[in-house]
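Here the structure is laid out as structure tokens; the discussion comes afterwards.
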Amino acid sequence: MNRLQVSILGSALMALTGAAQTARPRNLQITVKVLPAAIPAETKVLVAFLNTSDHLLSFPKPVLSCQKLPGGMLVVSKFEPSDPNSGQSKLGMGCSASKGISASELNIIEQAKDWLVLRPGESIDVQDQLSNAMNIGDAGSYRLHVVYSAPSFDAQDRKELRDAGILLPSPGDYDSGTVAFEVEAPQSDAN
């Protein structure tokens, strides 16, 4: 590849990156922490949602499940075993999905009464067992990040929510950034 091609490619990538960043305003930020436990399977994941807008935001509280859905979180993980000969899977995906929209006869405004509501600058933590979203326990290095997909509704529900002054996170995916943690091999009782 010559200099001109590299320059054009670089300009195109910068333009695409800039367009993607300015395409729609982001009004929610998420971060993730891992809360280790003595028993690896009891390790918890804590996802913090921060309202970065200048208005109230409302959305259904995410809970653990196992597929990427609007209003849900996907946990993407990578594992490097301490023992390189381990047969342990090295990549994994798990997810948590919103229980927000129910199949009951409640209209969208009634359902929204049970949603999380964040004032500007306010944050809330959603915590659950990490083992509900990924395999954990073998000794080694784990890396993960969470992708939250903003909830989506049909046009009628969006209109009713807007008319009631209930504002949702901007459409799209929100990435937490990556965190890493270690699981140590169990100590042997033999000396």
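The values are calculated or read from the model by the stated rules, or taken from the named source; none is laboratory data. It should be emphasised that the depicted structure is a prediction, and the values quoted were computed from it without experimental measurement. Reconstructed Cβ throughout: ideal geometry from the backbone, glycine too, with neighbour counts over all protein chains shown.
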query = Of all residues in region 110-132, which are at pLDDT below 95 and of a type in the set (Lys, Arg)?
reply = Lys113
Residues being modelled with pLDDT under 90 and surrounded by 14 or more Cβ atoms within 10 Å (Cβ to Cβ) - total across region 46-70 = 9
key: Which listed residue, of Ile109, Ile124, is assigned to a helix (DSSP H, G or I), of a type in the set (Val, Ile, Thr) and closer than 16 Å to Pro60 by Cα   = Ile109
message = Could you check region 131-178 and list, in sequence order, the residues that are closer than 17 Å to Pro36 by Cβ and over 12 Å from the mean Cα position of the chain (by Cα)?
response = Ser131, Asn132, Met134, Asn135, Ile136, Gly137, Asp138, Ala139, Gly140, Ser141, Tyr142, Arg143
key: Members of region 165-180 that are over 22 Å from Gly121 (Cα atoms) and either in contact (Cβ under 8 Å) with a residue 40 or more places away in the chain or not in a loop (DSSP other than H, G, I, E, B) (or both)   = Val179, Ala180
inquiry  = Would you confirm whether or not region 137-155 contains a residue that is in a helix (DSSP H, G or I) and out of contact with any strand residue (DSSP E or B) (no Cβ under 6 Å at 6 or more places or on another chain)?
reply    = yes
